[in-house]
Amino acid sequence: MKVLACDGIDPAAVKRIRDAGHEVTEVKGLAAPDLLTALRGVQGLLVRSATKVTAEVLAGAPDLKVVVRAGTGLDNVDVAAAEARGVIVRNTPNANSVSVAEITFAMLLALERHIASAAADLRAGRWEKTKYQGREVAGRMLGVIGFGRIGQEVANRARAFGMNVLAYDPVVTSGPAGFEWVRHTDRDTLLRECDILTLHVPLTDDTRHSLSAREFALMKPDAGLVNASRGGVVDEAALLAALRAGTLRAAAVDVFEKEPASADHPLLSLPNVLPLPHLGASTGEAQRRAGMDAADTLLEALATLSTR
Ligand code: NAD
């Protein structure tokens, strides 16, 4: 069958699909109408984040049967439109968890020790020792909202650093096995008690802007926020107001409501914000894992088509 691999899928993953006997065309940076031309006669589509699989694209690709996103989430695929056309949609939910947990911890430590600002000052010729007195994380309370794959990986790293962990997740309300040391609580208690808050929820109607003025007001004024989930989970205007007013000490954000964030985005100008350009899954390991998982998932789905 014909497969279109977009956005730079790992070469080993492409090879795996070719070795299984399928014809793979690799493309980058295509949007409709070029994407539609490339999709003629194609049954399987592999994407990362850049290619937008919209209802329009799906309507113009009648041969398409399977879409696989190499990564967590399906933000760039119109899943409802695909399902309405009988197109199978899959992602690779396990591939990025360790990389995102590691960047979350890097952001957390960088916030507490002013790593980015101190390095920027030193590069500009300023040797600032007293300005950047930090805080140890050992003994501090980490609040984890969303205790799924990434939340649990982050909790394990926090434990290794001697932190205490509070979790809130409406589905994972205790444990799971191996996490008996985590205290599960309601959301408001977590917000009130944590020294650092980290978010690991998907972006849904329930979670959109679920961190807003009310939530920031509940938090300790010297608390920090780390967001490596999705930009829309945090109300950026409310975050900006809390940081400016000093009711929240600092924030590290890997994700923005609108990406790429523009150079004049107000959060980028605050000294107590550590901004990153959505780097959570940007490791060789995560991309390779996502590519191989996506290839296996695609092959499995294509195999079910031939038996239908
Ligand atoms: P997961 O599905 O394993 O876990 C998400 C958890 O959130 C689930 O346990 C779910 O019950 C919980 N949840 C849902 N709604 C909630 C709510 N309203 N309040 C509290 N908890 C809620 O997903 P995961 O693999 O851990 O990924 C978490 C998120 O991380 C993804 O959805 C994605 O948005 C984000 N992510 C970011 C990057 C990045 O590059 N920064 C990369 C991968 C994933």
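The table that follows gives values for the structure above.
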| item | result |
| --- | --- |
| Any pair with Cβ under 7 angstrom, 6 or more apart, that starts in region 94-105 at a residue that is under 12 Å from His200 (Cβ atoms) and among the small types (Gly, Ala, Ser) and ends at one that is crowded, with 24+ Cβ neighbours inside 10 Å and at pLDDT 95 or above | Ser97/Ile150; Ala101/Ile150; Ala101/Val154 |
| The one condition in (1) in contact with a helix residue (DSSP H, G or I) (Cβ under 7 Å, 6 or more places away or on another chain); (2) on the phi > 0 side of the Ramachandran plot that His200 fails to fulfil | (2) |
| Residue list for region 243-266, restricted to those being within 19 Å of the chain's Cα centre (by Cα), surrounded by 21 or more Cβ atoms within 10 Å (Cβ to Cβ) and away from the ligand (no atom under 13 Å from the Cβ) | Ala251 |
| Verdict on Leu240 being in contact with a strand residue (DSSP E or B) (Cβ under 7 Å, 6 or more places away or on another chain) and either at positive phi or not in a loop (DSSP other than H, G, I, E, B) (or both) | no |
| Only one of Glu128, Glu136 that is in a loop (DSSP other than H, G, I, E, B), more than 16 Å from the ligand (Cβ to nearest atom), free of Cβ contacts under 8 Å to residues at least 24 places away in the same chain and touching a helix residue (DSSP H, G or I) at 6+ places or on another chain (Cβ under 8 Å) | Glu128 |
| Region 63-74 residues that are more than 16 Å from Gly291 (Cβ to Cβ), paired with ones that are within 11 Å of the ligand (Cβ to nearest atom) (beta carbon under 6 Å, 6 or more apart) | Leu74/Asn91 |
| Leading residue by the ranking (modelled with the lowest pLDDT) among those in region 61-112 that are within 14 Å of the ligand (Cβ to nearest atom) and of a type in the set (Asp, Glu) | Asp75 |
| Filtered residues of region 7-22 (kept if loosely packed, with under 13 Cβ neighbours inside 10 Å and more than 25 Å from Glu285 (Cβ to Cβ)) | Gly21 |
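The values are calculated or read from the model by the stated rules, or taken from the named source; none is laboratory data. Quantities reported herein were computed from a predicted structural model and do not represent experimental measurements. Cβ atoms come from the backbone with ideal geometry, glycine included; neighbour counts cover every protein chain shown.
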